[in-house]
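What follows is a single structure, written as structure tokens, with notes after it.
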Amino acid sequence: RDFVKLELAWVSAQLAGRKHAMRISILNMAGRELAALEADASWTKHDVCSRVPELQAGCSWARLFFGMHELAGEVTLAAMHVSTGAHLHVVFERCRRWGVLTASWDHTARLWSTVSGDCLRTFAGHDDIVTSAVFSQDGAFVLTASRDRAAKVWCTTSGACLRTLSGHADWVKSAVFSRDASLVLTASRDRTARLWHTDSRECRCIYRGHANGVWSAVLSPNELHVLTASYDGTAKVWVSRTGELLRTLAGHAGWVKSAVFSGDGTQVLTASHDRTVKLWSARSGRCQLTLEGHSGWVLSAVFSPDGQQVLSASRDGTAKLWSALSGECLRTFEGHRDWVNTAVFSSDGSEVLTASLDHTAKLWSADSGECRLTLEGHAVVVESAVFVPEGMPAVGPAISPKAERQSAVPEGCLRILAQ
């Protein structure tokens, strides 16, 4: 009798479980089935996403709908009256920022999907560490700088190298495009910055005057000036067309690792080995504010898109968010296991992207400080990371080496580059 009771209890439990089990399908907006799941009525969005491979890395951006109702937070399938045979549709909220670009000590730059976490494209061709990687404004090109003393221009869609800019006598530490990608500005440990014509590879201007290596160089928003940061402890402002030195920003007690203009060009932000960030008047060269709080070298600092906040990256393993008005530290992003080399904002300021000595890049919520995604794939240090430009078309998975050898560089890349 006891055995019969146990067997009946087991059958009852199974029947009770089936009352709450259901078979549902997860579809994208094109109607393609991403997964068919044996779901429980008590499942929430997290439970569904964790069982769909294409959603596991991008759960923060995925929105699940059953008809007009959204499965969000702690809402359950039962609460939405989902039953067997139901279809849930997934929409990615942040499709405009579908990817990021990283530069690494493994001699490559890589383009990643922020939805799946997969590597979509590898830009390989440098003979040494890739120190930085950035996009052109429209996303058609990638520009890399390397310790092999060269900068390279690549076609984003094919991964083909289009131009190599050679002429520096030492490592190239950074490289950036002009707005229309017709010019490239590089910074080098040879104590100079150089302005190049992208198509002809001709060096148009050399900026000489630093007493030590130049770590970074950027153009002002109107492209009339160049700003450089150097191991000599200063930042300098130059006339971009002639190379004339306009002013020197001196006040740090260590190497200046980065220097950038504010969006309107009226202020300059510098990051230094003296563990501080300084805010300067671009016109007068006067220091207006010093941000103190990092316990290690500050390796980079940038303004938020609205200019109201500052984001810094440090050897202490953190990134920090500051008020650009008061200097107050608003938030600390903790989670990397080693130095944070760079930290940047998304175009709307809602997200933060960091690159680290721990071989990873991380994506964070700027508001909450929550880490939303960790990109792992580089075997060594990640030097820099940037978001894809706003509105840039998505790039598909990389084609096979055989197919890449057979395909020519897309005509559009060469045509745009020659304009």
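The values are calculated or read from the model by the stated rules, or taken from the named source; none is laboratory data. The shown structure was predicted, so the numbers you read here are calculated from the model rather than taken from an experiment. All Cβ positions, even for glycine, are placed from backbone atoms using ideal geometry, and neighbour counts span all protein chains on display. Please note that ligands, DNA and RNA were not included when accessible areas were found on the heavy atoms of the full protein model with its side chains. Shrake-Rupley method; radii C 1.70, N 1.55, O 1.52, S 1.80 Å.
Probing with 1.4 Å while keeping every protein chain in the model, the per residue accessible area of segment 313-384 equals 37 Å².
Among residues other than D170 with Cβ under 11 Å from its Cβ, the summed charge is +3 (Lys and Arg +1, Asp and Glu -1). For the chain, the residue among T198, S365, S83 whose Cα projects farthest onto the positive side of the dipole built from Cβ charges is T198.
Comparing L195, L269, L162 in a Gaussian network model of the chain where C-alpha atoms under 10 Å apart are linked, the largest mean-square fluctuation is found at L162.
A simple count of charges around R241, restricted to other residues whose Cβ falls under 12 Å of its Cβ and scoring Lys, Arg +1 and Asp, Glu -1, yields -1. At 1.4 Å probe size, with the rest of the protein present, what percent of the exposed accessible area of the chain is carbon and sulfur atoms? The computed percentage sits at 51. The residues of segment 191-242 have, on average, 41 Å² of accessible surface per residue, using a 1.4 Å probe with all protein chains present. Peptide packing for 71-78, 303-310 was compared via the average number of neighbouring C-beta atoms within 10 Å per residue; ordered from the highest value, the list is 303-310, 71-78.
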